[in-house]
1. Quick one: Pro135 ticks every box in (1) under 18 Å from the mean Cα position of the chain (by Cα); (2) farther than 20 Å from Ser200 by Cα except a single one, so which number is it?
2. Can you name the residue in region 168-182 that is modelled with pLDDT of 95 or more and surrounded by fewer than 23 Cβ atoms within 10 Å (Cβ to Cβ) and, of all such residues, is nearest to Arg234 (Cα to Cα)?
3. Count, please, the residues in region 196-211 that happen to be over 23 Å from Pro405 (Cβ atoms) and either in contact with a Cys (Cβ under 8 Å, 6 or more places away or on another chain) or acidic (Asp, Glu) (or both).
4. What are the residues in region 243-274 that are without any contact (Cβ under 8 Å) to a residue 12 or more places away in the chain and outside any helix (DSSP H, G or I), if any?
5. May I ask you to list pairs of residues, at least six apart or on different chains, whose Cβ atoms are under 7 Å apart, with the first in region 132-146 being among the acidic types (Asp, Glu) and the second being modelled with pLDDT of 95 or more?
6. Restricting region 14-36 to residues that are modelled with pLDDT of 85 or more and not acidic (Asp, Glu), which is surrounded by the fewest Cβ atoms within 10 Å (Cβ to Cβ)?
7. Residue under question is Asp319, and the condition is that it be under 29 Å from Gln45 (Cβ atoms), more than 19 Å from the chain's Cα centre (by Cα), of a type outside the set (Gly, Ala, Ser) and not in a helix (DSSP H, G or I); does it hold?
8. Out of Asp410, Asp420, report the one residue that is free of Cβ contacts under 8 Å to residues at least 60 places away in the same chain, under 18 Å from Thr367 (Cβ atoms) and either among the charged types (D, E, K, R) or out of contact with any helix residue (DSSP H, G or I) (no Cβ under 7 Å at 6 or more places or on another chain) (or both).
Amino acid sequence: MIMNRLSKILLLVLLIISFAFSVSAQETLWNELNARVSNLLQEAQFSEAIKTAKEALKVAEKTFGSEHPNVTVSLNRLAELYFSQGKYAEAEPLYKRALAIDEKKLGEEHPVVATDLNNLAFLYFSQGKYAEAEPLYKRALAIDEKVLGKNHLGVATDLNNLAGLYKDQGKYEEAEPLFKRALTIQEKALGKDHPDVALSLNNLAGLYKDQGKYEEARPLFIRALLILERALGRDHPDVALSLNNLAEMYFSQSKYAEAEPLYKRALEIDEKAFGKDHPVIAADLSNLAGLYKDKGKYAKAEPLFKRALTIQEKALGKDHPDVALLLNNLGGLYYSQGKYEEAEFFCKRSLTINEKALGKEHPSVATDLNNLVTIYKDQGKYAEAVPLCKQALAIDEKTLGKEHPNVAMDLNNLAGLYRDQGKYTEAEPLYKQSLSILEKALGTDHPDVATVLENMSELYRKMERKEEAKKYEERAKKIRVH
């Protein structure tokens with residue numbers, strides 16, 4: 001009787017040991033799958049990475065249970081992969097499930113929950129769903145401030161995220177103090193020469209660049225670049241990103257001689273780091289091609305745009321929003337050469353992709369519509385152009401708000417269509433509204449303000465209101481010279 005009991009105990013111990021070995025083996029497998037996902041990402045093999053991440057999620061659920069922290073790691077990893085592929089509908093429920101698990105297990109005010117909120121908010125932000133993103137970013141910030149303290153590095157990240165949302169909405173006054181506070185936190189915690197400080201400097205510089213405040217932006221971009229070169233080395237991908245930011249500022253000012261070597265150096269760094277067929281290379285090629293297009297060097301621009309498009313289609317698939325962006329760029333190249341049929345083809349294909357991937361009310365869809373408007377306008381196809389322009393305006397007003405600079409440019413475009421048809425009374429109030437928005441959002445000396453002033457001068461010239469035409473023309477000239 002005693003022997004029988006001992007044998008049962010021994011059997012139970014053996015079963016426990018066997019189970020422990022099984023869990024250990026499964027955990028090893030999960031770790032190996034995660035490592036493989038990372039390697040596949042480095043090689044830009046996104047489809048294989050998604051398959052492997054799905055397998056890792058199944059292993060995590062089976063091994064650790066459906067509400068284990070390792071499961072949330074796998075959920076977030078898979079969601080991130082879908083997100084990178086523009087598959088937002090697949091990513092959203094995974095992010096939401098991870099958030100629900102962490103809220104249940106850790107409580108609603110845990111820093112991990114704040115990270116989950118930031119992930120979900122960024123998904124909405126990328127789809128132009130600003131109203132959904134903002135409360136999530138704000139909640140994440142409130143959690144981290146309460147739990148970690150107002151000067152924690154996690155709070156700096158939250159501040160940068162919320163400021164980025166405001167920046168994209170043209171809410172520059174709300175964004176600036178948040179970017180500055182994030183920078184102050186990082187400088188105090190990490191020192192003034194840390195790579196993360198460079199990131200915040202780039203963010204603040206980008207805000208100034210978007211407002212045409214180039215004198216404020218330039219020293220910040222340069223300081224960020226110098227920090228990264230010293231901390232990471234001159235051939236680090238983050239240095240390439242900083243070079244692109246500085247080049248873009250010069251490009252915005254039409255300082256092509258300053259921008260070109262920076263774009264070229266960024267491309268060289270990234271090709272060395274990632275290989276010649278990585279999506280990062282596509283972005284670099286597109287930047288350089290855009291510069292050649294604006295300089296009228298179309299023969300140089302076209303092969304770069306096409307190479308970038310081939311890379312993105314291979315890496316991301318033919319229906320990804322990043323592919324749509326390159327199609328638009330190609331359309332713009334052909335438009336600049338008066339090749340309207342080719343331009344229309346590529347811009348329409350871009351529109352189809354973005355409507356499917358992002359929804360019909362995304363700001364990128366409005367951009368596509370405006371590109372088609374420009375093509376039709378130049379051909380005198382006003383019947384096709386006007387409804388598309390109105391559609392773009394309605395999208396931007398709904399998603400960005402009626403005081404956003406994009407809305408101002410939509411109004412400018414619509415006014416131009418009316419002006420060119422001789423409908424001067426319809427055009428004038430639209431130009432005035434456009435000018436008022438831009439002056440309020442960007443200041444009176446921004447290049448976009450000059451564009452509207454020039455258009456208004458042309459309108460008044462056609463209306464034979466010479467004094468007004470001269471006044472607006474002179475204002476525009478002062479901005480251009482400045």
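1. (1)
2. Within region 168-182, the first condition is being modelled with pLDDT of 95 or more, and the residues that meet it are 174-182.
Then drop every residue that is not surrounded by fewer than 23 Cβ atoms within 10 Å (Cβ to Cβ), which leaves 174, 176-177, 180-181.
Working: Glu174: 34, Glu176: 29, Pro177: 31, Lys180: 27, Arg181: 28 Å.
The extreme case among them is Lys180.
3. Residues that pass the stated criteria total 1.
4. Lys255
5. Correct list of pairs: Glu134/Leu165; Asp144/Pro111; Asp144/Ala114; Asp144/His152; Asp144/Gly154; Asp144/Val155; Asp144/Asp158; Glu145/Val155.
6. Thr28
7. no
8. On the way: Asp420 fails: under 18 Å from Thr367 (Cβ atoms).
Among Asp410, Asp420, only Asp410 is free of Cβ contacts under 8 Å to residues at least 60 places away in the same chain, under 18 Å from Thr367 (Cβ atoms) and either among the charged types (D, E, K, R) or out of contact with any helix residue (DSSP H, G or I) (no Cβ under 7 Å at 6 or more places or on another chain) (or both).
The values are calculated or read from the model by the stated rules, or taken from the named source; none is laboratory data. Since this is a predicted model, take the numbers as computed values, not measurements. As a convention, Cβ positions derive from the backbone with ideal geometry for all residues, glycine included, and neighbour counts pool all protein chains shown.
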